[in-house]
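The values are calculated or read from the model by the stated rules, or taken from the named source; none is laboratory data. This one's a predicted model, so the numbers in the text were calculated from it and none came from an experiment. Positions of Cβ are generated from backbone atoms using ideal geometry, with glycine treated the same way; all protein chains shown enter the neighbour counts.
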Amino acid sequence: MKIAVFSAKPYDERFLKAPAEESGHELVFFEERLTATTAILTAGFAGVCVFVNDHVDAVVLGTLAKNGVRLLLLRCAGFNNVDLAAAESFNISVRRVPAYSPYAVAEHALALIFTLNRKTHRAFNRVREGNFSLDGLLGFDIHGSTAGFIGTGKIGCLTAQPLAAMGCRVLGYDPYPADGFSKIGEYTKLETLLAESDIISLHCPLTPATRHLINRDTLKLMKTGVMLINTSRGGLIDSEDLIEALKTGKIGYVGLDVYEQEAEVFFEDLSGEIIQDDVLQRLVTFPNVLITSHQAFFTDTAMRNITATTLANIEDFLAGRSTAAEVKAKKG
Ligand code: NAD
């Protein structure tokens, strides 16, 4: 099958190209994101492979269908960037990688928590400059604190487990409670979780219902000095409201691996350019904010798993098999 790979970085090519060719598929790698403007590049391809910041709306899907594309492969788990109803109406099968390594994302969420608390990122820079003072590096014991998880699926549970083992009280909120989490912590109402947690970590998908779940009103319910971690999707947090809460000291620490306007900046080297996003630039100035560029998934294991599932998705599509990796629009 001939497949156009969008938002392709050198590491995507390194992991995908050879195994795909061994399976008899031809992959062409485009650095560009898939948008209404770049969709014309799909002429002559039967499949298209995209990542988290490609914008696959009805207009893009219309162009894809016109060009003969029948398969849309997501190199990720989330599918909030795809108009599933439009894909169905154009008869384009959408297949994702449901779990390439929930461990990778959970480990990164934990890295953000521990780094923010003990400020090892600041200590690293200080010591290199001969500054051995401890002023400003005071942390708190994670043991005995309360950690709240919004979304208690695979990644939420894997992040909660080690914290529970370290002696944290673990709270969870999820409209679909699961036994897995009940063994680690206790389910509560969202308001209780917000009011009682010292650390709040977001692990739910971005949907119309969860967009700006963290906003002026929900921020008010939190403890003063709370730590907020988001490795899920940027749109879960209203960034301007977050900045206000940081300025008043309501929020004590923020760890973000995702950001609502990340599509224009994340994954790119902009070190020689003037960054136009004033909200992001303001966030970066806070000493208690740690931002990473959507790298939580980025481990060798995860990249190998993404490759394996993507190739399996192509084979399943060609064989006409419907699998759990296939994503369909919700009816009704
Ligand atoms: P999952 O499907 O196993 O779990 C998601 C959980 O969220 C489910 O239990 C679901 O019931 C719950 N949920 C749905 N609506 C909710 C709501 N309104 N409030 C609270 N919970 C709600 O998914 P997962 O594998 O644990 O992934 C979680 C998220 O992590 C994904 O949606 C994705 O956006 C994100 N992710 C980020 C990266 C990264 O590199 N930063 C990588 C992979 C996944």
message: With the requirement that a residue be under 17 Å from the mean Cα position of the chain (by Cα) and closer than 18 Å to Asp238 by Cβ, what does segment 266-288 give you?
response: Leu280
query: Any chance segment 273-291 includes a residue that's closer than 26 Å to Asn53 by Cα, within 15 Å of the ligand (Cβ to nearest atom) and at pLDDT 95 or above?
result: yes
Options Gly139, Gly180; residue that is within 27 Å of the chain's Cα centre (by Cα) and loosely packed, with under 15 Cβ neighbours inside 10 Å: Gly139
message: Condition first: touching a strand residue (DSSP E or B) at 6+ places or on another chain (Cβ under 8 Å), part of a strand (DSSP E or B) and either modelled with pLDDT under 95 or surrounded by 14 or more Cβ atoms within 10 Å (Cβ to Cβ) (or both). Can you find one or more residues in segment 4-18 that meet it?
response: yes
- prompt: Of the residues that sit in segment 138-177 and are assigned to a helix (DSSP H, G or I) and of a type in the set (A, V, I, L, M, F, W, C), which one is nearest to the ligand (Cβ to nearest atom)?
  reply: Ile155
query: When you look at His203, is it within 17 Å of the chain's Cα centre (by Cα), within 16 Å of the ligand (Cβ to nearest atom) and surrounded by fewer than 18 Cβ atoms within 10 Å (Cβ to Cβ), yes or no?
result: no
message: Restricting to segment 47-83, count the residues that are in contact with a Cys (Cβ under 9 Å, 6 or more places away or on another chain) and free of Cβ contacts under 8 Å to residues at least 24 places away in the same chain.
response: 0
- request: Starting from segment 96-118, keep only residues that are crowded, with 20+ Cβ neighbours inside 10 Å, then list their pairs with residues that are of a type in the set (Gly, Ala, Ser) and assigned to a helix (DSSP H, G or I) whose Cβ atoms are within a distance under 6 Å, requiring at least 6 positions of separation or different chains.
  value: Tyr100/Ala302; Ser101/Ala302; Ala104/Ala302
- line: Going through (1) surrounded by fewer than 16 Cβ atoms within 10 Å (Cβ to Cβ); (2) without any contact (Cβ under 8 Å) to a residue 40 or more places away in the chain one by one, Gly44 fails only at (2)
- line: Counted residues in segment 273-308 being touching a strand residue (DSSP E or B) at 6+ places or on another chain (Cβ under 8 Å), closer than 13 Å to Asp257 by Cβ and not aliphatic (A, V, I, L, M) come to 1
